[in-house]
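Peer 1: Below you will find the structure I want to go over with you.
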Amino acid sequence: MALGRALVQTQHLTVDRLHIVFKVVERCNINCTYCYYFNMGDKTPLQRPPVVSIDSAACVANWLVAGCRELKIKEILISFHGGEPMMLNPEKFDSICCVFKERLGQTVDVHFGVQTNGTILTDKWLSILSKHRVNVGVSIDGGRTAHDRYRLDHQGRSTFERTEQNLKELVKAAKDCLPNDISPSTISVIDCRNDYTEVYRYLRGLGVRRMSFLLPDRNFDDGFIGSEETPRKYGESLFRLFEAWMTEDNPGVEVRFISDFLRKLRVREEDIPVPPNKQRIFLTKKKWTRQVLIIHSDGIASVSDSYIPALPWYRNTPQCDVRDTSLRDFLMNGIFDEIECATRSLSAKCQPCRWRRICKGGDIENRFSRENGFNNPSVYCESYLFFFQNACNLLVENGYPADYIQEIVAN
């Protein structure tokens, strides 16, 4: 099931940027049916303290200070997550931010973010978010119909009006008082029944300038059921968003998957992933531009929970307690080589694909199967193929050099 470990372990480790996802609240005030923690088989948050303590936060800060000094990390992003992180008392949130600033500020450049369902917002929260320059991400799937398809509270009631109103308040606050116009971003999970031209226009109508759209959590074994949900329809949804973004033609608007796609059009030969039978070996140095770690309310660190759709594998990934294991020692664990190898490898079915340089196999959790581990094409392979072809056609129609695209994607 798991990939083989890297054959050579190195004593040298370089991380340019560390991203800590800090689970300060392990419960949630709403009940999203697609939530990978509470509704997709991982119940571990229920075994942890519902809310982080100041003492645990201080332990995490000390762990990061020591680790950043040892590894010479220059930049760290601390994203407060949950559950729902804004269930935390705002004064306590303020204190936790102060702890991180005071202990990390002399060692590393610290940035803060919070990912919220948007149902909780007060003047006090706005003041604290502004004080600590916290970038706010709001989960909203679109207008009322799209949003309330999944994002209801525990009594089955709509959360749309509160989320929409609070997002408007955050947009207004970014214009009026937050430093350097720290505008809120949004995360939306795609449902192929939605009209994504309208979803894009809806979010832009609220004043949102930074958006992320995620394909639903799904591994290779899950597949698709019925005619309402097909890989092709997800590809069409991605393309509708790209088309709407191109039509608006506003360089001040960022859609993350579009930015990633356009950046990948500039890749060169050395960036092509290696096949599984040519496993990458770190002979002299591990160097990660960005490394993501999860830290839970009890001070336990783990690999990114974005891999939870590969739950049979994810359950066996290592964890460490920040009180007795250094950041360096945890990052030296072979699991990170395993993830790196999986990310940079292509399945045999992907090798002849003309889009392999752009796709790079897709996210590894969408490739996982019990039989072959990560050695599969993405369950969203057909979605990507539709999007890449149609997006490139649209770029050419708008003057992007066809020869250059052909050079990038040529076998």
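The values are calculated or read from the model by the stated rules, or taken from the named source; none is laboratory data. Everything numeric here is computed off the predicted structure, so don't read it as measured data. Don't worry about glycine lacking a Cβ; one is built from the backbone with ideal geometry, like all the others, and counts go over all protein chains shown. Accessible surface areas use protein heavy atoms only, side chains included; no ligands, DNA or RNA. Shrake-Rupley method; radii C 1.70, N 1.55, O 1.52, S 1.80 Å.
Peer 1: Students sometimes get this wrong: rank 305, 55, 109 by accessible area, probe 1.4 Å, all chains present, largest first.
Peer 2: 55, 109, 305
Peer 1: Tell me the Rg and the Dmax, in Å, that the Cα atoms of the range 349-411 produce.
Peer 2: Cα radius of gyration and Dmax of the range 349-411 are 13.5, 45 Å respectively.
Peer 1: Moving on. Quick one: which of 43/74; 72/360; 23/72; 43/175 span more than 28 angstrom between C-alpha atoms?
Peer 2: Where the Cα-Cα span goes over 28 Å, the pairs concerned are 43/74; 72/360; 43/175.
Peer 1: Here's something else I'd like to know. Let a ≥ b ≥ c be the square roots of the eigenvalues of the Cα gyration tensor of the range 295-342; is it rounded (a/c under 1.5), or, if not, prolate (a/b larger than b/c) or oblate? Intermediate values should be presented prior to the final figure.
Peer 2: Details: a/c = 2.51, a/b = 1.31, b/c = 1.91.
Taking the square roots of the gyration eigenvalues as a ≥ b ≥ c, the range 295-342 is oblate.
Peer 1: So if I place +1 on the C-beta of Lys and Arg and -1 on the C-beta of Asp and Glu, and nothing else carries charge, what would the dipole magnitude of the chain be about its Cα centre? I want it in debye, nearest 20. Numbers along the way, then the final one.
Peer 2: Values: 54 positive and 52 negative charges, 151 e Å.
The calculation lands at about 720 debye.
Peer 1: What's the extension gain from residue 92 to residue 328 if we count 0.36 nm per residue and subtract their Cα-Cα distance?
Peer 2: Additional length available on full extension: 82.1 nm.
Peer 1: Further question on the same structure: With a Förster radius of 22 Å, plug the Cβ-Cβ distance of residue 228 and residue 370 into 1/(1 + (r/R0)^6) and report the FRET value to the nearest 0.05.
Peer 2: In this case the efficiency is close to 0.25.
Peer 1: Can you tell me how the range 30-186 classifies by the Cα gyration tensor, rounded, prolate or oblate, using a/c under 1.5 as the rounded cut?
Peer 2: Oblate.
Peer 1: If you don't mind, another one. Give me the number: length gained by fully extending residue 400 to residue 66, i.e. 0.36 nm times residue separation minus the C-alpha to C-alpha distance, one decimal in nm.
Peer 2: Between residue 400 and residue 66, full extension yields an extra 115.5 nm.
Peer 1: For 371, 340, 75, write out the residues from largest to smallest accessible area, computed with a 1.4 angstrom probe and no ligands counted.
Peer 2: The most accessible residue leads, giving 371, 75, 340.
Peer 1: In bins 10 Å wide, starting from 0, what share of all Cα pairs of the range 193-237 does each bin hold, as a percent?
Peer 2: The calculated distribution, bin by bin, is 20, 47, 24, 8.
Peer 1: If you take the square roots of the eigenvalues of the alpha-carbon gyration tensor of the range 109-227 and sort them as a ≥ b ≥ c, do you get rounded (a/c under 1.5), prolate (a/b over b/c) or oblate?
Peer 2: Details: a/c = 1.95, a/b = 1.78, b/c = 1.10.
Prolate, since a/c reaches 1.5 and a/b exceeds b/c.
Peer 1: Additional query: Could you work out how far apart the two model spin labels at residue 206 and residue 250 are, taking each label as a point 7 Å from the Cα in the direction of the beta carbon, and quote it in nm?
Peer 2: The two pseudo-label positions are separated by 1.4 nm.
Peer 1: Of all accessible surface on the chain at a 1.4 Å probe, what whole percent is carbon and sulfur?
Peer 2: Ligands and nucleic acids excluded, carbon and sulfur give 48 percent.
Peer 1: In whole angstrom, note down how far apart the Cα centers of the range 21-88 and the range 292-361 are.
Peer 2: 17
Peer 1: Using 7 Å Cα-to-Cβ label points, what is the residue 31/residue 290 separation (nm, one decimal)?
Peer 2: 3.4
Peer 1: Using the charge dipole of the range 1-134 (Lys, Arg: +1 at Cβ; Asp, Glu: -1 at Cβ; taken about the Cα centre), state which of 19, 79, 116 has its Cα farthest towards the positive end.
Peer 2: 19
Peer 1: Can you tell me what share of the DSSP beta bridges in the chain is antiparallel? A percent to the nearest 5 is fine.
Peer 2: 20
Peer 1: Could you give the nm distance between label points at residue 260 and residue 354, where each point is 7 Å from its Cα heading toward the beta carbon?
Peer 2: Calculated label separation equals 2.4 nm.
Peer 1: In terms of solvent-accessible area of protein heavy atoms at a 1.4 angstrom probe, what is the ranking of 46, 64, highest value first?
Peer 2: From most exposed to least exposed: 46, 64.
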